1. Those residues that are among the hydrophobic types (A, V, I, L, M, F, W, C), modelled with pLDDT under 90 and under 10 Å from the mean Cα position of the chain (by Cα), I need them from the stretch 49-78; list them, please.
2. Is one or more of the residues making up the stretch 19-30 at pLDDT below 90 and in a helix (DSSP H, G or I)?
3. Give me the pairs, please: first residue somewhere in the stretch 34-45 and without any contact (Cβ under 8 Å) to a residue 24 or more places away in the chain and hydroxyl-bearing (Ser, Thr, Tyr), second residue anywhere and surrounded by 14 or more Cβ atoms within 10 Å (Cβ to Cβ) and assigned to a loop (DSSP other than H, G, I, E, B), beta-carbon distance under 8 Å, and either six or more positions apart or on two chains.
Amino acid sequence: MIEPVVIPWHRSSRCSSESACAEVAWTRSTGCESGSCAEVAAEPDRVLVRNSRRPHVVVEFDAAEWAAFLNGVTEGEFRVPQ
C-alpha cells in the first residue's frame, strides 16, 4: 500500500485579506517519482486537486462528485484499453 505524504500548508488563492485566509493541507502519494504529481486536499464540503508542477491551477469537486470519481476508479471506469 502506498502511504500518503502531507505537503506543507498552502494559502488559498481565494484569499482577499491576510486575516481571512483559509489554508489547506495538500497530500501527495509516495508513489510519485516524476516530480509532476497529483495532490489532493480534503475540506469538509469539497475536495481540491492540483498538479504539483502547476499548484496555482486547482480543480474543485463537491462531496458527491468526488465520491462518483472514486467509485469510477474502483470500478475501472478510467482504465486505458491495452
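The values are calculated or read from the model by the stated rules, or taken from the named source; none is laboratory data. Values in this document were obtained by computation on a predicted structure and should not be read as measured data. Please note: Cβ atoms are built from the backbone with ideal geometry, for glycine as well, and neighbour counts cover all protein chains shown.
1. Val58, Val59
2. Within the stretch 19-30 (the criterion being at pLDDT below 90 and in a helix (DSSP H, G or I)), the answer is yes, since at least one residue qualifies.
3. Ser36/Ser52
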